[in-house]
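The values are calculated or read from the model by the stated rules, or taken from the named source; none is laboratory data. These numbers were taken from a predicted model, which means no experiment stands behind them. Glycine gets a Cβ as well: all are built from the backbone with ideal geometry, and neighbour counts include every protein chain shown. These area figures cover heavy atoms from the full protein model, side chains too; ligands, DNA and RNA do not enter into them. Shrake-Rupley method; radii C 1.70, N 1.55, O 1.52, S 1.80 Å.
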Amino acid sequence: MSDKNYRYGVMLCVLLKATSALAGLPPTTNVDIIFEAKITTHTCNITIEGAAITAGSDGNYTLAAGKNDGEMGVVEIDKIVSGSTEADTDFKLVAKGCPQNISQISTRISGDSINNDYISPKGGEGSTTNIGVGFYRTSDMTTLIKLNTDRALLWNADEIENGVNMKAALRAISRTLAVKEGDFNATATLSFSYE
């Protein structure tokens, strides 16, 4: 007997056993089949783009602020203290492959912060002091995006289609404390919600 015939034979045997099992039921018995499923939609694939952005194989990104010296950005203290645009770095949040029914994306930027305005550095030997990094929409450099707040950055329809142009700005976090030169290393986590 070939494999194909054998499979049909097994299926027929199972069918006959099921039929004979049901044959003993009274004629008014109902058998319910309950279907259960969780219906979901896929989310967007968010990437970060920019000349100063390096994508890691782990899904994380590194932003080199200021002038790039090959390994990390270089920013002069006076540019940070004065709030110069030379202490700013452009990047872009891009949503790709979004479902058609998504009408809004909201972004939460979180991390260790000072007054929910600036991400503070990790610290350690050789680290800078009194400097933080804040985030702005390029189209509105007067409004600092609040950190650790849900829905802090709401994307409009054009931004969902074309991306959100952003700036990361290194700033002195206190006018009364001195800024010390050194390495700046901080982590911001971006979380995205969809509607």
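Observations, loosely collected:
- Of the residues PHE35, PHE91, PHE192, ranked by 1.4 Å probe accessible area with the largest first, the sequence reads PHE35, PHE192, PHE91.
- Cα pair distances exceeding 17 angstrom across the range 89-182, given as percent: 56
- Nitroxide proxy distance, nm - points 7 Å out along Cα→Cβ at LEU154 and ASP183: 4.1
- Rolling a 1.4 Å probe across all protein chains gives TYR194 an accessible area of roughly 70 Å².
- Ranked packing of 123-135, 173-185, most packed first, by mean Cβ within 10 Å: 123-135, 173-185
- Spin-label pair THR47-SER103: with each label point 7 Å from Cα along the Cα-Cβ axis, the two points sit 2.9 nm from one another.
- Pairs from LYS146/LYS180; LYS38/LYS122; LYS96/LYS122; LYS96/LYS180 whose Cα-Cα separation, in the structure shown, is over 30 Å: LYS38/LYS122; LYS96/LYS122; LYS96/LYS180
- For peptides 96-107, 160-171, sequence by mean Cβ density within 10 Å, most packed first: 160-171, 96-107
- A simple spin-label model places the labels of ASN116 and PHE35 4.5 nm from each other, with each point 7 Å out along Cα-to-Cβ.
- Across the range 26-148, the mean sequence separation of Cα contacts (distance under 8 Å, 6 or more residues apart), normalised by length, yields a relative contact order of 20 percent.
- Amide hydrogen proximity for GLY123: with H placed 1.01 Å from N in the peptide plane, the residues at 5 or more positions away or on another chain lying under 5 Å are ASN185.
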